[in-house]
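Below: the structure, in C-alpha cells.
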Amino acid sequence: MEKNFIKILFIINFFVLGTTGHSYPKILTIYCSGGWDPAMVFDSKIGVTEVAEEPGITLRTSSSGIQHVHHSDRSSVKQFFDTFGSYTAIINGIFIGGMSKTSMEEKALTFIPPDKAMLADWLSVYAAQTNPFAILPHITLNAPYIPGEYGSNSIYLDDKAIASYLDTSESFSSTREKALVNMHKTSYNRFFTGITTSGIDGNKAKNISSHALREQNVKTVITQADAALGGTPDYSDFATNGKLAVELMALGVTQAVTLGSGKPDQWNTTASHFSTSSTHFQNLFTGINTILTYANSKGIISDLIVLVISDGGRSPKLNSEGGKGMWPYTSWLLFGSNVNGGKTFGTTDNVLRGSVIDPVFGVTNGQNMVTITPAHIFSSIFDANGLPYKLLFPNNVPLSFLFRRSKT
C-alpha cells in the first residue's frame, strides 16, 4: 500500500514539474530543542496572574504591524520583526501533545502516513515531490535524526530522493571526506534496514551504484559551498550552518533543510528560566537575521519558506529553582514571500491551553473549528503549493489563512 501511495505522489508531481516548469519553494526548518517559552516573544501574557511574568517586558507593535513581546536584552527580536515581520506569521496555541521529549520531538518533526504505523519525515516527502532529482533533497544540520523510519517515504523513488544526513555538530570539518563517506554509509545502512524490515525487495546493486555517483557529486557541491563561505567555515556556529543551507539551496542541490539552533534540549529551562531563555532568544534571532540577510544576498529569499519551531512550550508557573517544565502547547513562526504576514493567528487561555480556530479565516468564533497541530501547518504548506496534501494528512485540513494564494 505505501509503495503504491508514494509512487502515485511521485507520478503526480513529476507530471506537474515536467509540464509546467513550476518551481517550488525551498523549506528551511529551524528547530529549537527542548521547548521554548512563547510568552517571552510570541504569545503575550502580560498582566495574566496565572502565568509567571518576566520582569521588564512590554508588548510592542513592530514597524511591520505585528505585535510581539519586547525586552531590552533581546534587541535581535525587535530587529527581526521590524525587518521581516511583513512576511512573517506567528501561530500560537499549537498542540504538540505528550509530555515526554521523544513524543514531543516526534510530533514536531514527523507525521503518520495512511495505513502505516511508523512515523515519517514530512520534509523528505516534500523534497521528494518537489525536487526528486536533487543530490541532497533533505538534509539536517546540527539537528536530531528524524524519528521513526528514516527516509521511508523516499524508498520507492529509485534512489533519487533518499533523505541525507549531514551532521556538522561533530568533527565534520576536520575530517571532511571521511566523515562524508561515513555519513552516507549510515544513511544507506538505515535505508537498507528499512527495506529488509518491511520485507520489500529493493534493487540493492542499483542503489549502491547510484550512491557512488551521488557521493562524488556531494563532495563537489560541499567544496563549492565551503569556498563561498570562506574556505574553512566554523560549522559549530548556528548562523554559519544556516549560510551553508542557503548555499546548498542556491546551488539547486537541496530542497529542504532542518537546522538545529543550539545544543540538544537547550531550551529545557528547568532552572533560571528567564535569564537562560532570554539569551537563547537573543542568539536565535541574531542567527535568523543573519541567515535571511544572507539568503537575500544570494537571491533566493523570495523562494524560501522558513519555519521556526520548538517541540513544546513551558509551563505557566516557575518552580522553586526559577525554572519551568515542558508544556504541550507552543508557538511557531512562519516566514515566506507568500505568507499572510504581519499577523498573529491562534490564542491560548490564561493557563496556556490552545484555543480552537477556524481553519479558513483564522478566527476563534467560526465554523468547523480545530485545535492547531503541527500536521495542520505541514498540510498548509503542501496545499499552498498545489501539492496533494489529502493523501498525506487525511485528517488535518490546511489552515488556509496562513498563505496568500499568489506571491506579492
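Is there a residue being over 21 Å from Lys107 (Cα atoms), touching a residue at least 12 places away in the same chain (Cβ under 8 Å), among the hydrophobic types (A, V, I, L, M, F, W, C) and touching a strand residue (DSSP E or B) at 6+ places or on another chain (Cβ under 9 Å) anywhere in the stretch 368-376? Looking for residues that are over 21 Å from Lys107 (Cα atoms), touching a residue at least 12 places away in the same chain (Cβ under 8 Å), among the hydrophobic types (A, V, I, L, M, F, W, C) and touching a strand residue (DSSP E or B) at 6+ places or on another chain (Cβ under 9 Å), one finds none in the stretch 368-376, hence no. Would a scan of the stretch 233-240 turn up a residue that is more than 23 Å from Val69 (Cα to Cα), part of a loop (DSSP other than H, G, I, E, B) and among the hydroxyl-bearing types (Ser, Thr, Tyr)? Yes, the stretch 233-240 contains at least one residue that is more than 23 Å from Val69 (Cα to Cα), part of a loop (DSSP other than H, G, I, E, B) and among the hydroxyl-bearing types (Ser, Thr, Tyr).
Conditions tested, residue by residue: (1) crowded, with 19+ Cβ neighbours inside 10 Å; (2) over 26 Å from the mean Cα position of the chain (by Cα); (3) modelled with pLDDT of 95 or more; (4) closer than 19 Å to Gly312 by Cα.
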| site | (1), (2), (3), (4) |
| --- | --- |
| Gly34 | yes, no, no, yes |
| Val41 | yes, no, yes, yes |
| Val48 | no, yes, yes, no |
| Pro55 | no, yes, yes, no |
| Ser62 | yes, no, yes, no |
| Val69 | yes, no, yes, yes |
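For the stretch 73-84, the condition of being part of a strand (DSSP E or B), at pLDDT 95 or above and among the β-branched types (Val, Ile, Thr) holds for none of the residues. Within the stretch 395-408, the residues that satisfy the criterion of being part of a loop (DSSP other than H, G, I, E, B) and farther than 16 Å from Lys107 by Cα are Val397, Pro398, Leu399, Arg404, Arg405, Ser406, Lys407, Thr408.
Entry remark, the stretch 352-389: residues being under 20 Å from the mean Cα position of the chain (by Cα) and of a type outside the set (S, T, N, Q) number 14 in total.
Residues to consider are Thr269, Thr286, Thr258; find the one that is crowded, with 17+ Cβ neighbours inside 10 Å, within 30 Å of Pro316 (Cα to Cα) and either in contact with a strand residue (DSSP E or B) (Cβ under 6 Å, 6 or more places away or on another chain) or of a type in the set (Phe, Trp, Tyr) (or both).
Values: Thr269 fails: either in contact with a strand residue (DSSP E or B) (Cβ under 6 Å, 6 or more places away or on another chain) or of a type in the set (Phe, Trp, Tyr) (or both); Thr286 fails: either in contact with a strand residue (DSSP E or B) (Cβ under 6 Å, 6 or more places away or on another chain) or of a type in the set (Phe, Trp, Tyr) (or both).
Answer to the check: Thr258.
Please go through the stretch 41-58 and give me each residue that is touching a strand residue (DSSP E or B) at 6+ places or on another chain (Cβ under 6 Å) and not β-branched (Val, Ile, Thr), ordered by number. Phe42, Asp43, Ser44 - these are the residues of the stretch 41-58 that are touching a strand residue (DSSP E or B) at 6+ places or on another chain (Cβ under 6 Å) and not β-branched (Val, Ile, Thr). Within the stretch 237-248, identify whether any single residue is modelled with pLDDT of 80 or more and either among the aromatic types (Phe, Trp, Tyr) or loosely packed, with under 14 Cβ neighbours inside 10 Å (or both), and answer yes or no. Checked against the condition, which is being modelled with pLDDT of 80 or more and either among the aromatic types (Phe, Trp, Tyr) or loosely packed, with under 14 Cβ neighbours inside 10 Å (or both), the stretch 237-248 yields at least one hit.
Out of Ser310, Ser331, I need the residue that is under 14 Å from Ile377 (Cα atoms), touching a Cys at 6+ places or on another chain (Cβ under 8 Å) and modelled with pLDDT of 95 or more. Which one?
Numbers: Ser331 fails: touching a Cys at 6+ places or on another chain (Cβ under 8 Å).
Answer to the selection: Ser310.
Looking across the stretch 97-130 at every residue that is farther than 24 Å from Asn385 by Cα and hydrophobic (A, V, I, L, M, F, W, C), the one that is modelled with the highest pLDDT is identified as Met104.
Only residues that are among the polar types (S, T, N, Q), closer than 12 Å to Asp43 by Cα and surrounded by fewer than 19 Cβ atoms within 10 Å (Cβ to Cβ) were counted across the stretch 331-388, and they come to 3. Checking each residue in the stretch 392-404 for being surrounded by fewer than 16 Cβ atoms within 10 Å (Cβ to Cβ) and touching a residue at least 40 places away in the same chain (Cβ under 8 Å) picks out Pro394, Arg404. For the stretch 352-392, the tally of residues that are at negative phi, in contact with an Asp or Glu (Cβ under 9 Å, 6 or more places away or on another chain) and assigned to a loop (DSSP other than H, G, I, E, B) stands at 6.
The values are calculated or read from the model by the stated rules, or taken from the named source; none is laboratory data. Quick caveat, the model's predicted, so the values are computed rather than measured. Using ideal geometry, Cβ is built from the backbone for each residue, glycine included, and neighbour counts are taken over all protein chains shown.
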